[in-house]
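Down below is the structure, laid out as structure tokens.
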Amino acid sequence: MQKIAGNQVAMSDFSDVPQNSVPARPNLPSRLLLRCIRWQEQLKRKHAGAEESETGRPHNAAQEMAAFLVRLRKAMDTPSFPLRLSSVPIRRVVTLSIPGAAGPMRARLFIPYGRVRGALLYLHGGGFVHCGLNSHYGICCRLARASGAAVLLPDYRLAPEHPFPAAIDDSQAALQWLAGASARYWGGKVAVAGDSAGGNLAAVLAQDGRGGLGPQPVMQLLYYPSLYGEKLFPSHRTYEKGYFLSRKSMQWYGDQYIQKPEHWLHPRFAPGLNPDLQGLPPAVIITAQCDPMRDEGTAYAQALERAGVEVIYRCYPGALHAFLNFYAFMPHGKAALRFGGKVLKKAFAG
């Protein structure tokens, strides 16, 4: 695996204090996406207002939060586009039950055509609060096809009902199950990948494996990951109002998952703060230029390189946070999935 090279955005050292800079303009597909999202939000507000006038609002904060989570999860755990238009054909997709940290856990297994070599644990994003087996269906189809590996997508427990460390504990249980399956059927190698909050979980699993707390992945593939807890970076300020993700929403997601102040600094939530990064598996870190979390991925790539870990880092110009989910009409999304699959294929073949 090559060292850090070919970045679309130059890498530089960052201080703890955010600095002002001029935000980059999203590319054309991103601008069209933002316009579509704003239009959908206007329709939803009109529809919600009509419903509230007929049924009345929840009577207390707990009921209101519960109702909000139901609506949020229903909206977010759906593919961005009809699967027949956006996914790619693979041999088989199986919904199954695997052991979780606190009991059985639903998961989906994606099997590509041809000889299957290796297994990838893919951990979905969604701020530890939403998304699931449906929202990332097409992403996993494409990674399975591009990598030639089996891909497991676990339905880990979500916050705020299940705060830290529920998500990472379920992810570790899924990785252990997948390692056993890979040893029986697919050559024994496993890798971890994820986007956003899922990238956080994948990075933690890589550190767990190095420490003997679970299987050791041969590679970690991190798409626009959250890695540093409350530590601030320049991109947090530059894009604090957000294109799709804002600094305020980042704080809200963190507050749902982290319920004890000391956990904000825990290495199983903020893996970038781990002082010892030596001996970790090779990493591919992909970020989006117009994303408040961009500099977290950049900083982690630099830290891994300083620790002697092989790293490939790419930042896609004009791309937004969560651009993978909109790969159906965003060229950068398809390119990032193809690239990730290509590197995974090499890792499993080596």
When Leu222 is evaluated against the numbered criteria (1) aliphatic (A, V, I, L, M); (2) buried (at least 24 other Cβ atoms within 10 Å of the Cβ); (3) touching an Asp or Glu at 6+ places or on another chain (Cβ under 9 Å); (4) without any contact (Cβ under 8 Å) to a residue 60 or more places away in the chain, which criterion, by number, is the only one it fails? (4)
Give the range 202-257 a look and list any residue that's touching a His at 6+ places or on another chain (Cβ under 9 Å) and outside any loop (DSSP other than H, G, I, E, B), or say none. Arg247, Met250, Tyr257
Looking at Ala197, Ala202, which is the one that is crowded, with 23+ Cβ neighbours inside 10 Å, under 20 Å from Met293 (Cβ atoms) and in contact with a Cys (Cβ under 9 Å, 6 or more places away or on another chain)? Ala197
Pairing a residue in the range 137-163 that is farther than 25 Å from Arg91 by Cα and touching a residue at least 24 places away in the same chain (Cβ under 8 Å) with any residue that is surrounded by 24 or more Cβ atoms within 10 Å (Cβ to Cβ) and among the acidic types (Asp, Glu), where Cβ atoms lie under 8 Å and the two sit 6 or more apart in sequence or on different chains, gives Arg157/Asp170
So, of the residues in the range 280-301 that are part of a helix (DSSP H, G or I) and out of contact with any Ser or Thr (no Cβ under 9 Å at 6 or more places or on another chain), which turns out to be farthest from Val204 (Cα to Cα)? Ala299
Consider Asp208 carefully, then state whether it is within 24 Å of Ile285 (Cβ to Cβ), crowded, with 20+ Cβ neighbours inside 10 Å, acidic (Asp, Glu) and at pLDDT 95 or above. yes
Being over 15 Å from Gln176 (Cα atoms) and buried (at least 24 other Cβ atoms within 10 Å of the Cβ) is the filter here, so list the residues in the range 113-125 that pass it. His124, Gly125
Going by what's in this entry, would Asp255 be described as buried (at least 21 other Cβ atoms within 10 Å of the Cβ) and acidic (Asp, Glu)? no
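The values are calculated or read from the model by the stated rules, or taken from the named source; none is laboratory data. Since this is a predicted model, take the numbers as computed values, not measurements. No Cβ is skipped: glycine too gets one built from the backbone with ideal geometry, and neighbour counts run over all protein chains shown.
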